Structure formats: C-alpha cells, structure tokens
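Just below is one structure, and these are the notes that go with it.
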Amino acid sequence: MKRIIEIERRAAPGDAPYIQSFIYETEDESATVATALSEINARVPLLDAGGEAAEPIRWESSCLQKKCGACAMVIDGRPALACDTRLSERGEVVRLSPLKKFPVVADLIVDRSKMMEALMTLRVWIEEDGRSHEKINEDVYEAARCIQCGCCLEVCPNFKSGGSFYGMAGMSPMARILSQTKGGALDERRKLYNKYIFEGCGKSLACRNICPAGLDIDRLLARSNAVSLWKRLMRR
Amino acid sequence: MKAMVNIIGAGLAGLSAAVTLAKAGIGCRLFSRQSSERAQSVMAEGGINAALDTMGEGDTTAEHFSDTMKGGVYLADPNAVRGLTEGAPDIVREFVRLGVPFQMKGETLVLRNFGGQKKKRTAYAKSSTGKMLMSALIDECRKYEARGLVMRFPHHDFLSLVTEGGAVTGCAIGDTFTGDRLVFSGPVILSAGGPAGLFSGHTTGTTQNTGDAAATAFFHGVRFANLEFIQYHPTTVGISGKRMLISEAARGEGGRLFIERNGRPWYFMEEKYPELKNLMPRDVVSREIYAVCRDPECGGQAYLDMTHLSDDTWRGKLSDLREECIHFLGIDPAAEHLPVEPGIHYFMGGIWVDERHRTNIKNLLAAGECACQYHGANRLGGNSLLGAVYGGKTAAETLSREILSAPGYMEGFEHAPAGEPTVLSGNERDPAFERRLTDILMEGLGIVRSEEGMRLCIERIEALLKEDGMSDRMKARASLGLAMAKSAIMRRESRGSHFRRDCPERDDENYKKTSTAECIDGRVITGYLDIPPLRETV
C-alpha cells in the first residue's frame, strides 16, 4: 500500500505552519500512522515527497498499544491516536496536524500541561482512606482507565484551553475520587465538580465516540452527577 | 536553589520514591520525558505479588521469598528479596487504601495464580494492574505536589550526572519543549526503566525506554550487574513496530499452550511439567516454546488456547486482554487459538545496587527496572510491579535516613552543583545506527545462545565502536550493548534466562555470582561479585 502522509509542521511555537508531505509504502497491512512516522524518521537521508531534504518529524509516542495516550493528534480532521489508526483504513492521502486545543510545541507535539493543571485544581487525589469494594470497583476501574490523551477535549464544543470547564479528561479521573471519598473531602470535591465539570458540560457527548480508550462516559458522568448533585438536591 | 532530591523517571518506581520522600517531608523533582501516564509501568498487566493469603491456601512471605529466589535461580541478593517479600503485603494494602480497584469479593482481595508460584499470590485489576496502580500513585503524588513537596518536570530528558570527587552533586536535564539545558543540585535516584531501546522493535516495552539514561550512566562509570539476563516472555505477538504482550494472566486463569504434533494438539507444558504445567517460570516456558517450534515432528507454531474459559472469567478478569487481541490481531481468543512466540519483556540486570539501593557512586541511587535488584537470573510474573514500588520506596528511605541523620546534608545542595556536567555529544537520535546495534545484539543474545554467536556479537560491536563519526552518545549505547554480550559470554553455564547450548548445565561452584560491568576510560571491564549471604533474623 502506498500513502501520502501530509503533515502540518512548524519548527517552534510561534512559527507559521507549513505543509510537508512524505511518501510511505509498506507491505504491512497492519501498519499505523505511528509506524509510518517512525519509519519515515529512520530514513537516511530524510527526503520529503518532492525529494527535498527534511528535518525529522517531531511527534510523541510511547506504548504503541493505545494504552498511554502519547501519540494523540488530528488525523484526517479527527483526533485519534497514531498507534490506533491503520493506514489501510485511510485514503491515499493521510493528513496529520497537532491537536488544536493546546499550544503547539513543534510539528505534532502539543503542550498538554493544562490537563495536569485541571486535575490539580479539581484536587484529584484521595485525601485519607480510599474505599475499595467489589461493588464500586467496576466504576473505579473504568474511571482510572483514562489515558489523558486529550482527544475528548479536541471535539468538545464547551472546552476551551484556559477556560473554566475541564471536559471529560477532568471528569474521568475525578469520577474515581468522587466514588472513593467521604466526609468533608467529598463535599469539597462535589463543589469543584459542579463548578468545573457539571456546569460547563453542554451534554453534546461528542467525547463519547472519540475516546480511544473507549471509556463508558455515560456511566461515569451519570454516577458522578448523581454523587455531586445528590447533596445539592437534598439541601433544597 | 531549593535543596531537593532529583528523581529521573516518573514511572512506578519514581512515583513511589517521590511519595515516600514527600511523606518524610523531603522535597523532590520528578523528571520524565513524558508525563507519568505515558510511562511503561501503565502497560504492566497481570498483577502484583504479595503473600496476603486471602485464598485460604496458607501462603506465607517465606514461600514468596523462596519462590522468588528459586525463580531467579539463586542469583538475587537474598536479604533484599526478604525485604521485598516481607514488605509486599503492606504495599498492596497501601494500594487498597489509595483506592486501586483490585479484584475483590466484598472487601477481601482475590488473588490469582502466576508463574513459578504454587499458591495464589497475585493481586490484580483485570489485566490492567499497572495502569490501575499508576493512576492511584499519580493522584497520590499530586497531593504532595499541591503541598510543594513534589515538582513535576514532565517533558524533561536526563542528560548527565554532575559529579565532583567521585560523588554525585546534581544532574543536567534538557527541556524537550524549549531545548533549554538545566542543571540541578542534589542527590539523584535513577528510575528510568529498562533499556528496551537497545532491542528496539523486538520488545513489549515503550518507544521511550530507549536505554539512553542507562547508557549515559554506564559511560560515566556507574557499575552495572547481571546484564546477561534478559527475559523473553513466553507469550507475545508481533504487531506493527513492536511485540504485544499476552499477559501471564491468560495462563493464570487457565490458558493452555499447545503445538500441533502429528496432526494433534500437544499440550507440551502439561506433559513435561505436571505440577506447575503452563505456569512454570517464564525462562522455562520460553525455552520449551523455542524447542517445540523447532521440533520437526511439530507444526512450527505454538498456540495459546483460551477458548474454554468461562464467560465470567472473560468479563470479570480478562475483558481488556480480549479487547486488545480483537483490536490489534483480529483474533477473538474466546473463540480462536492465539499464535504466540517468546519476545523480550524485561531486563533482570541493570545498575548495580546494594540492598538499600545505593549504587557504586555516592549520592546516586537506582530503582525499578533500571536497577539489578530482586530478580536474579529470571523474574517471576507479578514481581516487577512489586519490585518497582518497593525499590523506589527503599531508595527514598535510604536517602531520607541519610538526610535526616546528617544535619546539613541537604543544605550542601542549595547552590549550583560543584563540578561540570559532562553531557555526551550527539544527543539527537540516530535510528539507523540504533537499528544496526539492535540487529547485532539480537543475533548474539537470543533465548538460546552459543560461544560463537556471542563472540561474533562482541567482535561486531567492537568494530562498530571503531567506526568514524561515532558520537559519545552512540559509543555509550554500543558500550552498554558490549557489556551485555561480554557478561553473557563469560558466564559459561546456563542459568535462568541465560541458556547456552555449549554449556547447558548450571554451575554453582563457579557462577553462583553477580556479574558486573563497568566502563573505565571507554573500555568495558567485566567481573564477578559474591552474593551476600542471608543474614540471621533477630
């Protein structure tokens, strides 16, 4: 199979982007966008589709098994993991660009530290003893599977970088804490949840179909809303 | 500059060290190429061992100790292993407190069978145990980050140690986003993972475990140990760019290995090892698969049969493994047999550390897969997550004890470190060179080794080292590879994962020893150290 890999590139954060294409041919039907990027970068010399010398493509990867979220990028207009996108399932031209909701560092690398900051604001940690019980562990497991890739934020109509709505990348880790926390720590986190998740979520649920980990977002959202709103309803 | 401990690597061992230091009120910086969510630890699947005896089998920490020593063919430091196995139950209880969704019945942990162990001892969360431990520890670390005790540097590369008078005074770090080079004072804990990158494309590891941190440390005189012991996991499958692990949990929950012989399935592990069957230690299973696949009477391909597992097992314990097989291989293991082959999965050897995780260089400690501790010649499944957490904790405790007992220890690190960082030249990646080195190492350091094969491997790396245009960074990688091959060829016996067809027997008299390798003035020097005797307990 032969593909043209068309990449939106920039060498540094403030630079104007440009498009550079590379030709990638392989016999491997299971080859992914990640395979193509690795193999293109291993070429000596590295030439683009027009035969001009090119700099190595900057992108992030790690597990290559959709377990770590490193290689999230926009592929043919939709956010996805490079390791989870087979070239055989794409057209002749495969267009890659960096996630748009985060500042670009270079080429396909973005700075996702806003997601870490959101989890800090949400105080995503167990304050004292967490609960662990057969009955809640299925939900906890689901929540803790979030890989913090950022794909959900890319498609969310309500999420803006630097805004006060943290999106599903904030909701999912928070769902674990809400189901395992008690007392004053829980009260505090309910308030944070309402402020940064519940109030900003327009329920478009665009995130549901895009999550590479396939998180059961409906379930996590329903449980978390129930935990954090229950108290509010009781106060009325 | 605030005096803090520097931790290189934010996987399980690094996080464990950070949290332990923070609990003692000692600040640390946590450096990693990417955030902890991308660490190789999130890929660990099957579970974490601890003799909690919740299954009514009368399990004890003494049995966990003896299984670990036996599995490692008596090459691990027995005092360290005793600490590990005795500390394991508290570690798992602590993870329960942190809310890890282990498999439970009510509030009691359910344990599963794992290789090389007769009793159920492995706590697990389906087959995503590493991810679940990491999520819990990342959140715990955030708690201390909020208190100013942990500073995360999630896009920062280790460049070099800073040393003066033979002691570490700090480290040089590169910001991969800005390209800035930063120098920090303070003791260093290396927890950068195993050198999977020396065998790029042939391992179950991540692309970020390049081996650069290990190679740099080696080049700077840090002593390594047991480098010849490379674990081939029995059940892996090739996917694009790497090998995908089929967790040992598959066999722990009843999966059976077979190969076709004369037109019929032959369950070779069950026939040859009637006691532990498919759950023999990994080195044994991998060698058996290697042998039966080369047996002219057999079909050439081994399979894992899980088609008889119950719906409950698939749903409750292995749903993630099944999803992965369907997604990446197009095979539903509940309905079809999985073709499997051994693949590189873990490095038992690494930076030499003592029982307290100190290296041969003052103020430098190491933990996790980058250190040589606990697993001897072969690691048992379920002991890597345990070893990472316990090792990180032990390294941090060693440092905090030194820091708290020596007034002024940390004050010495409040200024820019004494000494200059010696950053290796050529820090850019060179995939073509790396691939050549990988090919040479794969030829010499397979599941079954030979004198000629290893000799050729050494000659080829030595020739590579003499080529023009080799940067220091390339030399460091090649030297670490050379150390692996030299450690392997000098061990003229077979033990654990090191199997030689020319010396197939174990030789305790000459080789029940820790092999060591050091790089002195660019030359790789190998040797042996005695294994410390097990101390009497008081």
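Bear in mind that the values in this text are calculations on the coordinates, not laboratory data. Bear in mind that the values here come from a model prediction, so they are computed numbers and not experimental data. Note that we place each Cβ from the backbone using ideal geometry, even for glycine, and neighbour counts take in every protein chain shown.
Odds and ends about this structure:
- With contacts taken as Cα pairs under 8 Å and at least 6 residues apart, segment A:154-236 reaches a relative contact order of 39 percent.
- Between amide H atoms placed 1.01 Å from N, distances below 5 Å from B:L159 occur with B:A172, B:I173, B:G174, all of them 5 or more places distant or on a separate chain.
- Helix A:167-180 axis, angle to chain A major axis (alpha carbon atoms, nearest 10°): 40 degrees
- Cα-based values for chain A, radius of gyration first and Dmax second, are 20.2, 70 Å.
- Scattering profile of chain B at q = 0.08 Å⁻¹ [log10 I(q)/I(0), Debye over alpha-carbon scatterers]: -0.48
- On Cα atoms only, tilt of A:134-144 relative to the major axis of chain A in degrees: 40 degrees
- Sequentially through segment A:153-159, phi angles give Karplus couplings (6.51, -1.76, 1.60; θ = phi - 60°) of 6, 4, 9, 6, x, 9, 7 Hz, Gly and Pro residues having no value and appearing as x.
- Computed over chain B, the per-residue total of -39500 (n - 2.57) for DSSP H runs of n ≥ 4 gives a 222 nm mean residue ellipticity of -10000 deg cm²/dmol, rounded to 500.
- DSSP beta bridges confined to the protein assembly as shown are antiparallel in about 75 percent of cases.
- DSSP beta bridges fully contained in chain B are about 75 percent antiparallel.
- Legend: calculated FRET efficiency, A:K160 to B:A432, from the Cβ-Cβ distance at R0 = 51 Å, rounded to 0.05, equals 0.75.
- Helix content alone sets the calculated 222 nm mean residue ellipticity of chain A: runs of n ≥ 4 DSSP H residues at -39500 (n - 2.57) each, divided across all residues, give -10000 deg cm²/dmol.
- Those residues of segment B:413-444 whose amide nitrogen sits under 11 Å from the label point placed on B:R501, 7 Å along Cα→Cβ: none
- Rounded tilt (10° steps) of A:183-193 against the dominant C-alpha axis of chain A: 50 degrees
- Mean separation of Cα pairs under 8 Å and 6 or more residues apart, divided by the residue count, gives chain B a relative contact order of 22 percent.
- Between B:D90 and B:D311, the FRET efficiency from the beta-carbon distance, with R0 = 35 Å, is close to 0.50.
- Alpha-carbon centroids, segment B:376-453 and segment B:500-538: separation in whole Å: 18 Å
- Here the calculated FRET efficiency for B:E275 and A:D15, from their Cβ-Cβ distance with R0 = 45 Å, stands at 0.10, rounded to the nearest 0.05.
- Here the Debye sum runs over all C-alpha atoms of segment B:34-117 as equal scatterers in vacuum, and log10 of I(q)/I(0) at q = 0.16, 0.18 Å⁻¹ comes out as -0.73, -0.90.
- In terms of other Cβ atoms within 10 Å, A:R176, B:R401, A:R145, B:R460 run from fewest to most in the order B:R401, B:R460, A:R145, A:R176.
- With 5 Å bins from 0: P(r) over segment A:113-235, alpha-carbon pairs, percent: 2, 12, 24, 26, 22, 11, 4, 0
- Taking A:K100, B:K393 and counting other C-beta atoms within 10 Å, the order from fewest to most: A:K100, B:K393
- Cross-link partners of A:K191 among aspartates and glutamates (Cα-Cα below 12 Å; sequence separation of 8 or more within a chain): A:E199
- In this structure, the residue pairs whose Cα-Cα separation is over 20 Å, taken from A:K67/A:K160; A:K160/A:K195; B:K486/B:K513; A:K66/B:K393; A:K135/B:K126; B:K119/B:K317, are A:K67/A:K160; A:K66/B:K393.
- Separation of segment A:71-94 from segment B:128-143 is 29 Å, based on Cα centroids.
- For B:A302, residues with placed amide H under 5 Å, excluding near neighbours: B:V340
- Segment A:2-110: relative contact order as a whole-number percent, Cα under 8 Å and 6+ apart: 35 percent
- Within segment B:233-345, the proportion of Cα pairs with more than 16 Å between them is 57 percent.
- Least to most buried among B:C293, B:C457, B:C171 (fewest other Cβ within 10 Å first): B:C293, B:C457, B:C171
- Overall dimensions of the protein assembly as shown as given by Cα atoms, namely Rg and Dmax in Å: 25.1, 81
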